[in-house]
1. Could you tell me which numbered condition S100 fails, if it satisfies all but one of (1) open to solvent by less than 50 Å² (accessible area, probe 1.4 Å); (2) of a type outside the set (D, E, K, R); (3) more than 18 Å from V5 (Cβ to Cβ)?
2. Residues being of a type outside the set (D, E, K, R) and under 13 Å from the mean Cα position of the chain (by Cα): count how many of those fall in the stretch 54-89.
3. Mind checking which residues of the stretch 25-37 are open to solvent by 20 Å² or more (accessible area, probe 1.4 Å) and among the hydrophobic types (A, V, I, L, M, F, W, C)?
4. Looking at this structure, is K75 at pLDDT below 95, farther than 11 Å from V111 by Cα and open to solvent by 60 Å² or more (accessible area, probe 1.4 Å)?
5. Which residues, counting only those in the stretch 41-66, are within 18 Å of T90 (Cα to Cα), assigned to a strand (DSSP E or B) and touching a residue at least 24 places away in the same chain (Cβ under 8 Å)?
6. Would you check which residues across the stretch 80-97 are outside any loop (DSSP other than H, G, I, E, B), over 13 Å from G9 (Cβ atoms) and open to solvent by 30 Å² or more (accessible area, probe 1.4 Å) and list them?
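The values are calculated or read from the model by the stated rules, or taken from the named source; none is laboratory data. Nothing here was measured: the structure is a model prediction, and the numbers come from that model. Here the Cβ is made from the backbone with ideal geometry for all residues, glycine too, and neighbour counts use every protein chain on show. Keep in mind that these areas ignore ligands, DNA and RNA; they rest on the heavy atoms of the full protein, side chains included. Shrake-Rupley method; radii C 1.70, N 1.55, O 1.52, S 1.80 Å.
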Amino acid sequence: QVQLVESGGGLVQAGGSLRLSCAASGSISTINTMGWYRQAPGKQRELVASITSGGSTNYAASVKGRFTISRDNAKNTVYLQMNVLKPEDTAVYYCRGAASSIVYWGQGTQVTVSS
């Protein structure tokens, strides 16, 4: 079993920055890809960014150049640095860990960007 706990969400003005953290515990050695997803009201959950155990990253087109995903293996933590935030970035952000055919989700953290 793997537990994922997100933190770092909040309210920020447009153009501001936030850093989200996702702390993993449990059988983390089984996880190969970690990612951040978000879900806005009335919309489907979508991929924001992901990072593999080898450090390869992938970003949604809407956040490329503004968001950076990184991982600290010593701390079992994945980060999402979000810069130049826009009102359309407002959503609940979820951490996701994938291990073979098993997917783990965190509880989510709210990010609200005011205009």
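1. Status for S100: all satisfied but (1).
2. Matching residues across the stretch 54-89 total 15.
3. Selection gives I28 alone.
4. yes
5. Result: V48, A49.
6. Q81, P87, E88, R96
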